[in-house]
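A short write-up of the structure that comes next.
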Amino acid sequence: MAEAGQLYGGVVHQTKLHGPHGGNGGTSWNDGTAHNGVQKIILSHKEGECGGIGTFSVTYSDDELDSDEVIEKLSGYTGAVSGALTTTEVVRSLTIKTNKDTYEYGVREGKTFSTPTIPHNSKIAGFVGKTSNDYLNAIGLYEKS
C-alpha cells in the first residue's frame, strides 16, 4: 500500500493505494487521484469455465456531492483462465460492497483479494489496473481521506 499527501483547498488529504490485485499481463492504466468519489461503474463479466471480468469503466464525481450509496470495499478472486487469449492471471470475480448493498460479478474461483474497508470520511479518488484484449487483468483503488 502506497501513501502520499496532497494539498487541496488548503487541506492536506492523504491518498493510499490499495492494490492492484491480479496478474502482470495487459496494459496498465491509472485514473489518477483527483476524483471525489464514484458515480457509476460499468463492467462486463463472463460466466462458466472462461469466467472473469471483461471490461471495467468508471464515471467519477468530481464535485463535492453527497451520495446515498458509497463504495466501502472491493474484493474478488484472481486466477488464470483456460482458453483465454491472455495466459496470465486475471480478475475472475469482483464484489463491490456499498453502504446499501453488495454487488457480485464473475466466477468465484482462484485466489481471494480484498481492499480494507474505506472509512466513511474517505472517498475513492481513482482506480488503477491492467487490461488485456479480453479481461481485466488487475484492479486497485486510491483512497483519499
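General observations
- Of all residues making up segment 111-127, the number that are in a loop (DSSP other than H, G, I, E, B) and either without any contact (Cβ under 8 Å) to a residue 60 or more places away in the chain or loosely packed, with under 12 Cβ neighbours inside 10 Å (or both): 6
- Test: residue in segment 95-106 that is farther than 19 Å from H45 by Cα and in contact with a Leu (Cβ under 7 Å, 6 or more places away or on another chain): no
- Residues that are touching a residue at least 40 places away in the same chain (Cβ under 8 Å) and either at positive phi or aliphatic (A, V, I, L, M) (or both) within segment 81-90 comprise V81, A84, L85, V90, listed in sequence order.
Since every read-out is calculated from the coordinates, none of them should be taken as a lab result. Quantities reported herein were computed from a predicted structural model and do not represent experimental measurements. Note that each Cβ is placed from the backbone with ideal geometry, even for glycine, and that neighbours are counted across all protein chains shown.
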